[in-house]
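Engineer: My questions will all concern the structure given below.
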Amino acid sequence: MRRKIVAANWKMNLSLAEGAALVNDICAGIPRLADDRKVVIAPPFIHIPQTVAQLAKTDHVHAAAQNCYQESAGAYTGEVSAGMLKSAEVEYVIIGHSERRQYFAETDEMLARKTDQALANGLQVIFCCGEPLSVRDADTQNAFVEAQLKDGLFHLTAAQMSNVVIAYEPIWAIGTGRTASSEQAQDMHAHIRAVLAAKYGSEVAAATPILYGGSCKPSNAAELFACADVDGGLIGGASLKAAEFLGIIDAMVKA
Ligand SMILES: O=C(CO)COP(=O)(O)O
């Protein structure tokens, strides 16, 4: 049985006090999860020690970072290494979010190195892919996403892939209120799984969770998570309100 995951990406939001209150409310409201269902919370770096301490009281909610640097240590002012995240007891790291690619000029080559750093330090990677609107309008999204996966991930071994989760986030659906239809999500997720199967075989492809991200809310989560190849979600805006995030977790529990 493939893992199902709902992950919160807080992006650059919330004070420490607001973050602590939100994690408290999520932990208080979360239902019992089966072993194959996981909730992940990715706050800004500065929240991490606080969030990790709060989550130590639960078994089924895990801390993540939103990024890490591609070198292990040194004179890189302002950066945070995968080893530091591990030392803070972070379990997951998001790599290749479209906002990192777009605003911080992160290239596929950098993302491949970040992935290596994360895996070498025992972190699980949530690797993001997804096309801009111009690519969707030209109907070339399958080739675009395939190239992102090949360039960012396909240097990994099959064994390393067991520590990788993929998040498909079409850029035109992020923060826009315009979600992909369940048919668009399923088509792309099936394509991603076929690309994984061609490279790593059907067992690895079947075991890799593929999350959907982009304007996912309690009102559309159940329909998205009912798709055969959608294994949960990476949630931005709706992860900042406990009631909304708990509603999305509920959709995963029932999926
Ligand atoms: O980018 C996202 C999560 O990483 C999605 O953001 P929204 O849920 O706000 O559209």
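The values are calculated or read from the model by the stated rules, or taken from the named source; none is laboratory data. Values in this document were obtained by computation on a predicted structure and should not be read as measured data. Neighbour counts run over all protein chains shown; Cβ positions are idealised from the backbone, glycine included. Only protein heavy atoms, including side chains, enter the accessible area calculation; ligands, DNA and RNA are left aside. Shrake-Rupley method; radii C 1.70, N 1.55, O 1.52, S 1.80 Å.
Engineer: Calculate the spin-label point distance for TYR103 paired with HIS155, positioning each point 7 Å from the Cα along the beta-carbon direction, and give it in nanometres.
Structural biologist: Modelled inter-label distance: 2.7 nm.
Engineer: Taking +1 at the Cβ of each Lys and Arg and -1 at the Cβ of each Asp and Glu, which of PHE225, TRP172, VAL61 sits farthest along the dipole of segment 4-254 towards its positive end, judged by Cα position relative to the Cα centre?
Structural biologist: The one lying farthest along the dipole's positive direction is VAL61.
Engineer: Let me ask another. Over the chain, give the accessible area per residue in Å² for a 1.4 Å probe, as an integer. Provide the component values of the computation, followed by the final result.
Structural biologist: Details: 10780 Å² over 255 residues.
On a per-residue basis, the chain sits at 42 Å².
Engineer: Quick one: if you take sqrt(5λ) for each eigenvalue of the C-alpha gyration tensor of segment 1-134, what semi-axes come out, biggest first, whole angstrom?
Structural biologist: On the way: eigenvalues 120, 60, 47 Å².
Here the semi-axes work out to 25, 17, 15 Å.
Engineer: Restricting attention to segment 1-99, which GluC sites (Glu not before Pro) occupy a DSSP loop and are surrounded by at most 16 other Cβ atoms within 10 Å? Walk me through the intermediate numbers first.
Structural biologist: On the way: sites: GLU18, GLU71, GLU79, GLU89, GLU91, GLU99; in loops: GLU71, GLU79, GLU89, GLU91.
Those satisfying the criteria are GLU71, GLU79, GLU89.
Engineer: Please list 3J(HN,Hα) in residue order for segment 32-41, calculated via the Karplus relation 6.51 cos²θ - 1.76 cosθ + 1.60 where θ = phi - 60°; whole Hz, with x for glycine and proline.
Structural biologist: Karplus values, whole Hz, x for Gly and Pro: 5, 10, 5, 4, 8, 10, 9, 10, 10, 10.
Engineer: In the chain, which whole DSSP H runs stretch at least 15 Å along their own axis (Cα) and average -0.5 or higher on the Kyte-Doolittle scale? Walk me through the intermediate numbers first.
Structural biologist: Details: long enough: 16-29 (20 Å, 1.05); 108-120 (18 Å, -0.63); 141-153 (17 Å, -0.28); 182-200 (26 Å, -0.39); 242-254 (18 Å, 1.22).
Helices passing the filter in the chain: 16-29, 141-153, 182-200, 242-254.
Engineer: Give, to the nearest whole percent, the P(r) tail of segment 106-255 beyond 24 angstrom, counting all Cα pairs.
Structural biologist: Numbers: 3461 of 11175 pairs.
For segment 106-255, the fraction of Cα-Cα distances above 24 Å is 31 percent.
Engineer: Along the positive direction of the dipole of the chain (beta-carbon charges: Lys, Arg +1; Asp, Glu -1; about the Cα centre), which of ALA159, GLN70, VAL90 reaches farthest?
Structural biologist: Toward the positive end, the furthest listed residue is VAL90.
Engineer: Now for a different question. Quick check for me: using +1 on Lys/Arg Cβ and -1 on Asp/Glu Cβ, what's the dipole size of the chain about its Cα centre, in debye to the nearest 20?
Structural biologist: On the way: 21 positive and 28 negative charges, 86 e Å.
Using only the charged Cβ atoms, the result is roughly 420 debye.
Engineer: Quick one: which residues, 5 or more positions from GLN124 or on another chain, have an amide H under 5 Å from its amide H? H modelled 1.01 Å from N in the peptide plane, none for Pro or chain starts.
Structural biologist: TYR92, VAL93
Engineer: Can you pull a Stokes-Einstein diffusion coefficient for the chain at 4 °C (1.567 mPa s), Rh from Kirkwood over Cα pairs, as a whole number of µm²/s? Display every interim value, and only then the final one.
Structural biologist: Working: Rh = 18.0 Å.
Translational diffusion coefficient: 72 µm²/s.
Engineer: Ignoring ligands, DNA and RNA, please state the percent of accessible area on the chain from carbon and sulfur, probe 1.4 Å. Show your work: numbers first, answer last.
Structural biologist: Working: 5810 of 10780 Å².
Answer for the chain is 54 percent, counting heavy atoms of protein chains only.
Engineer: Still on this structure, I have one more. Where in the chain is the longest stretch that carries no chymotrypsin sites (Phe, Trp or Tyr not before Pro) classed as loop by DSSP and with at most 13 other Cβ atoms within 10 Å? Write down the numbers at each step before the final one.
Structural biologist: On the way: sites that count: TYR76, PHE104.
Answer - 105-255.
Engineer: Could you give the size of the charge dipole of segment 66-173 about its Cα centre, using +1 on the Cβ of each K and R and -1 on the Cβ of each D and E, expressed in debye and rounded to the nearest 20? Numbers along the way, then the final one.
Structural biologist: Numbers: 7 positive and 15 negative charges, 39 e Å.
For this selection, approximately 180 debye.
Engineer: Taking a label point 7 Å from the Cα of SER219 along the Cα→Cβ vector, which residues of segment 236-255 have an amide N closer than 12 Å to it?
Structural biologist: Counting backbone N atoms under 12 Å from the label point, the list is empty.
Engineer: Now for a separate question. List the trypsin sites (Lys or Arg not before Pro) within segment 169-206 that DSSP assigns to loop and that have no more than 16 neighbouring Cβ atoms inside 10 Å.
Structural biologist: Details: sites: ARG178, ARG193, LYS199; in loops: ARG178.
Within segment 169-206, the qualifying trypsin sites (Lys or Arg not before Pro) (loop, at most 16 other Cβ atoms within 10 Å) are ARG178.
Engineer: Find the relative contact order for the chain and round it to a whole percent, using C-alpha pairs within less than 8 Å whose residues are 6+ positions apart. Before the final figure, lay out each step's value.
Structural biologist: Values: 484 pairs, mean separation 54.7, N = 255.
Rounded, it is 21 percent for the chain.
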